[in-house]
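The values are calculated or read from the model by the stated rules, or taken from the named source; none is laboratory data. Remember, predicted model here, so these are calculated numbers, not experimental data. Every residue, glycine among them, receives a Cβ derived from its backbone with ideal geometry; neighbour counts consider all protein chains shown. Ligands, DNA and RNA are excluded from the accessible area calculation, which covers all protein heavy atoms including side chains. Shrake-Rupley method; radii C 1.70, N 1.55, O 1.52, S 1.80 Å.
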Amino acid sequence: MAEHHVIVEHRHHHSYPNDSDLGLLRSQHTPRLSRRQLILVLTLGGICLISLYAYWDVMMLTAGATANSFAAPISAARQRNNMNETLAQQLEREVRVLCWVLTTPKYHKSRAVHIQRTWGKRCNKIYFMTSAPDDELETVILSKPDKYEVLWGKTKEAFTYLYENKFDEADWFMKADDDTYVFVENLRYMLYPYSPDMALHFGFNYKLIGNPPKNGSYMSGGSGYILSREALRIFATGVNDSSKCRQQDDQAEDLEMGICLFNLGVQSGDSRDASLRFRFLPMAPFSLLLSHYYGMDFWFFKYAYYNPRACMNCLSDYPVAFHYISSNELYVYDYFNYQLQVYGRTELTEYLPPKILPEQLQSFIRPSDNV
């Protein structure tokens with residue numbers, strides 16, 4: 001015990017350095033950064049700040065997409081009155097789509113009939129706008145000649161005919177080329193939240209540059225575009241106004257359609273999904289899935305209204321339309337989507353989104369981000 005007591009007392013009376021001694025010790029042991037180390041620290045700090053900003057930017061974009069996505073979805077099964085019908089059957093009943101295909105007699109047998117046998121049979125109604133009848137097709141004979149230079153004239157005539165003769169057959173009216181493939185069920189799903197009484201049109205958005213102003217967009221004619229019932233009414237009753245729509249039949253059909261609808265007050269919708277991935281594509285899908293298929297100077301990346309990226313995750317899981325699809329490929333697309341099965345695939349619970357009210361519409365139409 002005595003020895004222990006002595007040790008404690010010795011610790012208690014241990015001598016500590018004074019303030020001047022501490023300063024000297026600190027100056028001797030505090031490491032100093034060299035010029036190279038200082039530059040490295042500043043560089044790493046800058047990289048961290050940039051990374052944090054990029055992360056914040058992505059989170060804000062994701063938050064915007066989530067905010068504009070359809071909140072509080074309701075199970076599709078709960079929404080169906082008839083529990084024996086499939087979700088696709090419910091959408092076919094509630095979202096009536098009239099499809100019309102622009103074609104010519106020389107392509108009736110090589111293109112048009114194959115559309116009729118594949119995706120065309122899933123439209124509520126389908127008509128083939130052409131210059132001669134065909135026993136296999138539901139044709140509407142246009143007065144305009146079969147020339148590329150008058151596609152705008154043929155488009156005006158076709159939509160006017162539908163307004164005057166088929167207006168009550170559908171809620172939405174889609175124009176497609178005879179080398180387009182359309183996933184009609186996905187089209188109905190995209191349109192489901194919107195009322196056909198809203199003046200809207202959808203497709204793949206291109207920039208409407210010049211006059212009208214740059215904040216407008218028009219839809220690619222190749223992958224098709226779709227007008228609501230109200231948009232068709234406004235177009236058909238206003239297309240003869242020379243101050244708003246081109247009266248001559250020449251010029252690019254899809255561009256003139258976009259200018260005309262813009263001037264008539266029909267809004268361009270945003271057809272991308274909630275993750276901002278494309279549902280319409282004016283070319284075959286491999287061109288967007290393969291990152292280096294086209295150079296970044298390709299016109300597609302320059303004129304797209306929404307910033308397009310070439311990557312494996314840039315196409316929607318529920319695409320609507322592709323362009324430049326051969327007749328043989330139409331059957332391949334049909335097989336892979338309506339017959340092919342994969343063992344062990346996880347069953348998905350699908351939901352229908354709530355309806356969009358008129359006062360909510362603007363939050364679902366995003367401005368261009370491709371500058």
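Screening the candidates ASN337, ASN328, ASN313 for the property of being open to solvent by 60 Å² or more (accessible area, probe 1.4 Å) and in a loop (DSSP other than H, G, I, E, B) yields one hit, ASN313. Inside region 244-260, residues that are in contact with a strand residue (DSSP E or B) (Cβ under 6 Å, 6 or more places away or on another chain) and of a type in the set (A, V, I, L, M, F, W, C) make up a count of 1. Quick check on LYS154: is it charged (D, E, K, R), surrounded by fewer than 17 Cβ atoms within 10 Å (Cβ to Cβ), under 24 Å from THR237 (Cα atoms) and modelled with pLDDT of 95 or more? So LYS154 does not fit the description; no.
Out of curiosity, is CYS260 farther than 25 Å from ARG96 by Cα, open to solvent by less than 40 Å² (accessible area, probe 1.4 Å) and in contact (Cβ under 8 Å) with a residue 12 or more places away in the chain? Spelling it out, it is not the case that CYS260 is farther than 25 Å from ARG96 by Cα, open to solvent by less than 40 Å² (accessible area, probe 1.4 Å) and in contact (Cβ under 8 Å) with a residue 12 or more places away in the chain. Within region 204-218, the set of residues being open to solvent by 10 Å² or more (accessible area, probe 1.4 Å) and under 27 Å from ASP168 (Cα atoms) comprises TYR218 only.
Return yes when TYR163 is within 22 Å of LEU264 (Cα to Cα), assigned to a loop (DSSP other than H, G, I, E, B), in contact with a strand residue (DSSP E or B) (Cβ under 9 Å, 6 or more places away or on another chain) and not hydrophobic (A, V, I, L, M, F, W, C) and no when it is not. Answer is no for this residue.
Scanning region 281-307 for residues that are over 17 Å from GLY216 (Cβ atoms) and within 10 Å of the chain's Cα centre (by Cα) gives a single hit, LEU281.
Residue count for region 157-185, restricted to those that are open to solvent by 10 Å² or more (accessible area, probe 1.4 Å) and within 24 Å of ASN337 (Cα to Cα): 5.
Just so you know, in region 347-371 the residues that are of a type in the set (A, V, I, L, M) and loosely packed, with under 11 Cβ neighbours inside 10 Å include one that is nearest to PHE204 (Cα to Cα), and it is VAL371.
All conditions but one from (1) open to solvent by 20 Å² or more (accessible area, probe 1.4 Å); (2) not in a helix (DSSP H, G or I) apply to GLY221; the one that does not is (1). For region 274-294, the criterion of being open to solvent by 10 Å² or more (accessible area, probe 1.4 Å), among the basic types (Lys, Arg) and either in contact with a strand residue (DSSP E or B) (Cβ under 7 Å, 6 or more places away or on another chain) or assigned to a helix (DSSP H, G or I) (or both) is met by at least one residue. Pick from region 88-136 the residues that are more than 15 Å from LEU191 (Cα to Cα) and among the acidic types (Asp, Glu): which of them is most open to solvent (accessible area, probe 1.4 Å)? For region 88-136, the residue satisfying everything is ASP135.
MET312 meets all of the listed conditions (1) at pLDDT below 95; (2) touching a Gly at 6+ places or on another chain (Cβ under 8 Å) but one, namely (2). Just wondering, is there one or more residues in region 93-105 that are in a helix (DSSP H, G or I), at pLDDT 95 or above and out of contact with any strand residue (DSSP E or B) (no Cβ under 8 Å at 6 or more places or on another chain)? Yes, the conditions are met somewhere in region 93-105. Checked against (1) open to solvent by less than 10 Å² (accessible area, probe 1.4 Å); (2) assigned to a loop (DSSP other than H, G, I, E, B); (3) closer than 24 Å to VAL150 by Cβ; (4) not basic (Lys, Arg), HIS201 passes all but a single condition, namely (2).
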